1. When the Debye formula is applied to the Cα atoms of the range 553-646, each taken as the same point scatterer, what base-10 log of I(q)/I(0) results at q = 0.13, 0.25 Å⁻¹?
2. Once the other residues with Cβ under 12 Å from the Cβ of A85 are scored (Lys, Arg +1; Asp, Glu -1), what is the net sum?
3. Tell me the angle of helix 276-290 to the major Cα principal axis of the chain, expressed in degrees between 0 and 90 and rounded to the nearest ten.
4. Taking 0.36 nm per intervening residue step and subtracting the Cα-Cα distance, what contour gain separates N665 from E291 on full extension?
5. Report, for the chain, the % of DSSP beta bridges that are antiparallel, rounded to 5.
6. Which angle between 0 and 90 degrees, to the nearest 10, do you get for helix 14-34 versus the longest principal axis of the chain when only C-alpha atoms count?
7. Gain in length, T630 to L216, computed as 0.36 nm per residue apart minus the alpha-carbon separation, to one decimal in nm?
8. Using +1 at the Cβ of each Lys and Arg and -1 at the Cβ of each Asp and Glu in the chain, identify which of L328, A254, L462 lies farthest towards the dipole's positive end.
Amino acid sequence: MLRLYRLLLHLYPAAFREEYAKVMEQEFRDELGEARNGFAVVWLWMRFLFDLVVSLPLQLGIEMGRDTKHALRLWAKHPWHTGFAVVALGVAIGANTGVFSVVNALLLRSLPFRDPDRLAAMIHFLPPHDSAVQFDSWRRHSNYLQDAALVEDGDLNIGHPQHMLRAHIAMTSGNFFSLIGSRPLLGRTVAPGEHAVAVISYALWQGLYAGSEQVLGKTIRVYGLYPHPEEPLTIVGVMPAQFDYPATTVLWKAPEYARGNNGWVAIGRLRPGISWTQAQAAFAADVHRLEPNRRFRADWIPMMTPLQDKLAGRVKNVSLLLMGVVILILLIACANLANLMLARTADRQHELSIRSAVGASRARLIQQLLTESLLLAVVSAGLGLVVAVWATSIAGRVQPAALPSQIYTLLDLRVLAFMAGLAVLSAVLFGLLPALSAGRRHLFVARGSTELRSSRMVREVLVAAQVTLTIVLLMASVSVVRAVSHELDVDRGFKADGVVTASVALDGTVRDKPGLRLQYFEEVLDRLRHLPGVRNASSTEFLPLLSGKFLGGPYAFDGHQSAAGTGTDVIPIMAGYFATTGGQILYGREFTDGEVRSEAKVVLVNETFARVWLPPADAVGHLVTGPDGTVRRIIGVVRNLDFMGRYISDVFDVDPPETFVPAHNPGGFDSTFIVKVEGRPEDHVAGIQAALQSVDRGVPVYGVETMQQRMDRAFAHPKFYRTALVFFASFALLLALVGIYAVVSYAIAQRTHEMGVRLSLGTTPTRLRTRFVRHGLATVVFGTLGGIAGAASTGRLLGSLLEGAGAFDFAAYVLVTISICVVAAASIWFATRRISKMDVVEILRAE
C-alpha cells in the first residue's frame, strides 16, 4: 500500500511534492498502522483519493501559474525568437488541422446512410446492365451482395414549357432508397415497379413549393436526355435536407430500363459476414464470367470499391498527400524549436545553476521547461486555429465534398481532439530534449563555460533531421509541380482569352419542336453578333475541356471500315465555331450558316482522325460514313481539341479521333453559346445574359461566365495542390535555414573565448568562418544523403497518390541537393559575420 501511495504522490507537481510528500507519507503510514479493520483502511483510502481529486488541480494550477509568469517574462526578453517559434508552430498545427478536417470529412466521418461501411460502388461495370431482367437476375443470384441498385444522374429540365428550370436529376431503381437506408422527411420513396412517381429534395421542396406539406400528390415533369414522359410524375416524398446523393440531386425517379446501358452506375451492399477482400474477388470473377473476351482499357477496368472512397474521388489521394506533407512540416518545426529551446536552455545555465543551488530539484526544473513548451504550444495552437479556418475554407471552395454531410468543418469533436492532441504532442516533441538536458545536474556550471559535446551533437542531429525532411518535401514538391505544370501547360487547341460562354437547354420548352430549335439558335446568334464589342459568336453541343462528347462509334473512310474497337466522337457545332474559340483550321475551311441551315452533308475532322488514313493535308475531299450511316464530305482538318482533361474526369482519351458536324437540330445535351468579345470579357457577361433571356424567357439560361472562369474552376484542384506544395516546401526550407543559422550562431557564442585565442595566435577571421562553413556543411550533407534516400523510397507512394508525380530524375536530385547546400552555406556564412567584428583584446580581457 505504501508503494501505491508513493506512486500516487507523484501526480502532484514537483514543488508541492518536495515540500509536503514526506510529511504526507509519514501521516499516511501512521494512520494505516492505527487502522484496526478493513473498513478503516477503505475509509483512509477514500479520504486520500478525495483529497487528491480536490487538491491536485488546485496545486497544478498554482504551480503552472507561477511557471507561466516566469515563461512570459523570458518571452518578453526574446520577442523575435518567441514570435518566430509561435508562427512556425502555429502554421504547422493549423495546416495539419485544416487538412485533417478534409480527411475526416471524406474518409473518417460516416456517410448518412445505414451501415455505410458496407456500401460498394461498382465502377465501369457495364454488364449485366443491358436490361432490367439481366440486372435483376444478376443481383438476386449474387452470393456476396445483399442487394444492388442502379443509378444514373444528369442535368435535365423540370417544370412546364413556360417556366423551365435546369436541375440535377437521378434515375434510380426502386430498391435504391432501401439499399442505402435513407428515409424521406415527408411521404415515401419510389417503390419497385413504379414509374410515374418522383421524390424531390428538401431544397427543391422549399424553393419550388415553399415547403408546403400539400406537395404530396402534386405533379412535375422532367425533360432532357430521356424520352419525354407522356404522363406527369406524381410527387410521393421529400428527402431530408442533408440528402442529395448522387451529386446534388434534387429529384429521383424510376429509370427507363428499355433504353439499355447509357451511363448507369451500380451500387451494392455487402452480405453480412462477407469481407471486402472476398467481395472484390467475387466481383472480379463476375466480370470475367460475364464478358470473358472483353479487353478493358486501362482507364475502364471494372472495380468494386467502398462507396465512401468513390465519393472522395481524386480528392482522397491528394488530401492524403497533403496530410503527409503537413506532418513533415510539423516534424521540421518541432526539430527547429527543439534546437532553439536547447540553445535557450544552455544560455540559462547560470539561472538554472542558481535555482538548483538554492534547492530546486531536477523534477522542478524539468516541470518548468515543459510548462514553457506547453504554453508555447497552446499559444501556437491559437494561431493555428486561425490558419486552420483559412485552410478549411479554401479547401471547401477548391475541392467541395460530394455530400452535404461531408462538409469540411472544425466544429467536429474528432477535429478538435486532433488539434488539441497535436498541440500537446508538439510540446512534448520540441520540449522533451531541452527539459532532459536541463535535468542533468552536471550541466549547471558557471557562466561562460563551453557547451558539452553531447549537447552539440544532439543539436547537429536535429539540424540533419530537418535537412532530411526538407529534402524529401522539396523533391516531392518538384515532382508534383512538374507533373501539374505539364498538364496545365498542354496546348488544348483553343484560346480562353476574351471568350464568354452561356448554356441553354430547350428540352420541354415551347422551342422544343422540329425546326424551332435551329430557329432559336439562329435568332440568339444574330442578336449576340450585333451586341457592342462582340467580334463573333457560335455554339456547340459540347464545350471543349469542360464536357464529354457523343461517343459515335465505328465509322468508314472512303468505304473502308474503321478497325475493330475504334470509333469516332461526334461534336455538333454551328458556323464560326473555330473562329470564335481560337481553334485552328489546318486545311480547308469550316461550316457556313447556309450549310448548317440546309443540313449539308459535310464534316470537319481532327488531326488524329486524318492520320489514321493518310496525311492530314490530303484528307479534304474524302468521304466519311458516320456511325449513323450518313455519308459526309470532309471540308476541313482542324487541330486537336482537348474535351476532357485528366483533372476534370476519371475517364479521358488522349487526342481521340473526332468529327465535327453541322448542328442542324441544336439544343440538346449541354448546348453552349460561345461569344468572342473585345476588352474585358467580364464586362460583357450581363449584356450577353440579357440578350439570351430577351429571345425567350421560357428557356433556362445558366453558366453565363467567361471561358477563363470555367478554366480556372476546372483546374482549381491542380493549381491549389501546386501552390500548397510550393508554399510548404518553401516554409520547410526557411525552417531548416533558421535551424542551421541558430546552431552556427550559438556555436559562435559558446566558442567566443576559443576564437579569441585563435585570432590572437595569428589566424584570420576568414579562416575561422571557412572552418564553420565546412563543419556546418558536413551536417547539411549528412542530412541531404538521408533526404535523397527518403525521397527515393517515397517516390512510388507519391506516384500512387498523384498520377505522373512519382518519378524523381537525376537532374531533380542534383538541383535540390545543390540548392540546399548553397543556401545553407550562405546562411552559415551570414551567421559567422560577427567573427570579423571581434575585438580580441576585449574578448580575452572579459574572460
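The values are calculated or read from the model by the stated rules, or taken from the named source; none is laboratory data. Computed from a predicted model, the values in this text were never measured in an experiment. Note that each Cβ is placed from the backbone with ideal geometry, even for glycine, and that neighbours are counted across all protein chains shown. Keep in mind that these areas ignore ligands, DNA and RNA; they rest on the heavy atoms of the full protein, side chains included. Shrake-Rupley method; radii C 1.70, N 1.55, O 1.52, S 1.80 Å.
1. -0.42, -1.52
2. Numbers: positive: R344; negative: E372.
Here the charged neighbours net out to 0.
3. 20 degrees
4. Working: separation 374, 0.36 × 374 = 134.64 nm, distance 3.67 nm.
Contour length minus the Cα-Cα distance gives 131.0 nm.
5. On the way: 66 of 83 bridges.
Counting DSSP beta bridges with both partners in the chain, the antiparallel share is about 80 percent.
6. Approximately 80 degrees, to the nearest 10.
7. Details: separation 414, 0.36 × 414 = 149.04 nm, distance 4.74 nm.
Residue separation times 0.36 nm, minus the Cα-Cα distance, leaves 144.3 nm.
8. Positive-end residue among those listed: L462.
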